[in-house]
Amino acid sequence: MIGKIPKPGKTFAGCIEYNLQKKDAVILDAQGIRTGKIADTIADFNFQRKLNPGLGQAVGHIVLSWSSKDADKLNDGAMVNIAQTYLQRMKIQDTQVLIVKHQDKDHPHLHIVYNRVNNQGKTISDAFQYRNNVRITKALTLQYGFYMAPDKRNVNRPQLKGADKLKYELHDTIKTLSKKVTSMDELKMLLKQNGIEMLYKYKSGSKEVQGISFAKGDAKFKGSEIDRSLSYANLSKAISQQVQANEQAQAQQAPLSLADQLRQVIKEQQVEILPAFIPDISISDDVDDEAIYGKNRRREKKPRINSR
């Protein structure tokens, strides 16, 4: 399960017409609005927004999507319950809401249109929505046992647009280039050659790196916002482990020196000689003990005889 949040809009008419005029669109739930005619739905949203005329972008729009593997778990009632739980956790409450299911894709998905002017005329904040969206959709995916892709390889990239498309482009490029370098400085240089700027965030008053961001054109994203594996800590750790693994692989493949080869042969062929295998040796009485023990016998001194 994932959520996509377009930027808040200015007119309800375009957003509602898109959602309700889509082929096979089904209204799953509506709160505080009429749904008999599209014109009435638009009029109801616009009437409430007048409670806060200073809010120019009053149109809230969210898309919730699931994997096609979850289709058997999602009837209309389940989709509504999940959408309502999602809105509650996103603190989008006490306002007009329209939930519409579309069936033009292979995977289940629905659209939520809500009024950012609540029933008391106060503004529903959109601060930190993108961060909260990721956290909440992941929690709901785990809670309901929905399919979770192991990584970003299974994402349908051709259908991505805007910031999501750029994030995945950055993700793929950074992941590919990070496998070719031995340090963060090398990665920064390679990324620059590919039109991507790598920016460090330092701890106040020091040179200690606290975070990392990537920029392309006018867009800029934190590494962890693109993917958790692209935070400074995780990315630098991955490169270090990669360097260590390459060094170990090279060491194993390097040919042994002649001395090392000889040591290995001796070690493999060395046989311990046990006393049981030492043959019996018979020694005659007349065998000089010098030959056996390597000793000099003390010779008996004899009186010297003058032969002259």
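The values are calculated or read from the model by the stated rules, or taken from the named source; none is laboratory data. These figures come from a predicted structure and were not determined experimentally. Please note: Cβ atoms are built from the backbone with ideal geometry, for glycine as well, and neighbour counts cover all protein chains shown.
Points worth noting:
- Close pairs (8 angstrom Cβ cut-off, 6 or more residues apart or separate chains): more than 15 Å from THR173 (Cβ to Cβ) in segment 201-225, basic (Lys, Arg) anywhere: VAL209/LYS201; VAL209/LYS203; GLN210/LYS201; GLN210/LYS203; GLY211/LYS201; GLY211/LYS222; GLU225/ARG131; GLU225/LYS167
- Test set (1) at pLDDT below 90; (2) closer than 28 Å to GLN129 by Cα - PHE221 fails condition number: (1)
- Exclusive hit being polar (S, T, N, Q) and under 30 Å from LYS105 (Cα atoms), set GLN159, GLN210: GLN159
- Test: residue in segment 112-128 that is in the same structural domain as CYS15 (by TED's automatic domain parsing), closer than 30 Å to LEU230 by Cβ, part of a loop (DSSP other than H, G, I, E, B) and touching a Pro at 6+ places or on another chain (Cβ under 9 Å): yes
- Of the criteria (1) over 21 Å from ASP29 (Cβ atoms); (2) touching a helix residue (DSSP H, G or I) at 6+ places or on another chain (Cβ under 9 Å); (3) not in a helix (DSSP H, G or I), which one VAL134 fails: (3)
- If you check LEU177, LEU166 for being within 19 Å of the chain's Cα centre (by Cα) and either exposed (fewer than 12 other Cβ atoms within 10 Å of the Cβ) or in contact (Cβ under 8 Å) with a residue 24 or more places away in the chain (or both), only one passes: LEU166.
- Residue match in segment 215-229 (condition: in a strand (DSSP E or B), surrounded by fewer than 16 Cβ atoms within 10 Å (Cβ to Cβ) and either touching a strand residue (DSSP E or B) at 6+ places or on another chain (Cβ under 9 Å) or among the hydroxyl-bearing types (Ser, Thr, Tyr) (or both)): yes
- Here ASP76, ASP44, ASP94, ASP24 are screened, and the one residue that is in the same structural domain as PRO8 (by TED's automatic domain parsing), of a type in the set (Asp, Glu) and without any contact (Cβ under 8 Å) to a residue 40 or more places away in the chain is ASP94.
- Taking the criterion of being surrounded by 14 or more Cβ atoms within 10 Å (Cβ to Cβ) and hydroxyl-bearing (Ser, Thr, Tyr), the residues of segment 41-97 that qualify are THR41, SER65, SER67, THR85, TYR86, THR95.
- Meets criteria (crowded, with 17+ Cβ neighbours inside 10 Å and under 15 Å from SER236 (Cβ atoms)) for ILE212: yes
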